């Protein structure tokens with residue numbers, strides 16, 4: 001069973017690098033999740049739960065421990081977003097009685113940007129020594145500070161998505177651009193191509209959410 005989801009279980013190759021079954025399943029669930037999110041469909045959260053589980057396994061096998069450890073937190077944020085979208089407070093409803101798209105103030109935007117860099121620096125430092133702290137569990141982390149930045153950017157993007165803030169798409173742009181770099185440095189050939197696809201979907205997501213914001217404000 002575990003061998004089936006091993007990164008050694010190669011299905012096909014791209015640019016001389018193998019693509020495993022778990023990478024394919026992760027990509028399929030991730031793209032479906034993002035597509036549903038661009039259309040503001042609540043079903044995106046169900047695909048998000050599956051995506052978290054698959055990524056946890058994949059990143060553990062690739063030694064990207066920050067990205068692995070964030071998956072349980074991401075799962076919780078998904079659950080929170082699922083509730084927020086379907087249980088809006090008074091005055092937050094759109095025309096179909098779900099959470100409507102809103103904008104943040106400039107001060108809030110600055111706060112989230114500063115918080116992102118500070119937390120990424122702290123977490124990157126922790127990852128640098130994680131193999132010394134838990135030598136029987138973790139090997140040396142790959143690109144710890146870049147991995148930490150992606151981790152914090154993902155959490156920021158997910159939290160803003162859960163609140164249905166239009167700015168979440170700027171965070172997702174950042175995540176996908178950085179992920180392309182991280183995946184290439186980690187020796188992956190398939191996922192960088194997929195991240196480029198996520199960039200395209202993020203553009204459409206921003207466009208569609210902006211239209212919803214204009215229609216409801």
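Nothing in this text is a laboratory measurement; each read-out follows from the coordinates by a stated rule. Keep in mind the model is a prediction, meaning the values are calculated, not measured. Cβ sites come from the backbone with ideal geometry, for glycine too, and all protein chains shown count toward neighbours.
Odds and ends about this structure:
- Overall form of segment 28-129 per C-alpha gyration tensor (a/c, 1.5; a/b vs b/c): oblate
- Each label was represented as a point 7 Å from its Cα along the Cα-to-Cβ direction; for residue 216 and residue 145 these points are 4.0 nm apart.
- Take every Cα pair under 8 Å whose residues are at least 6 apart in sequence, average their separation, divide by the length of segment 31-75, and the relative contact order is 30 percent.
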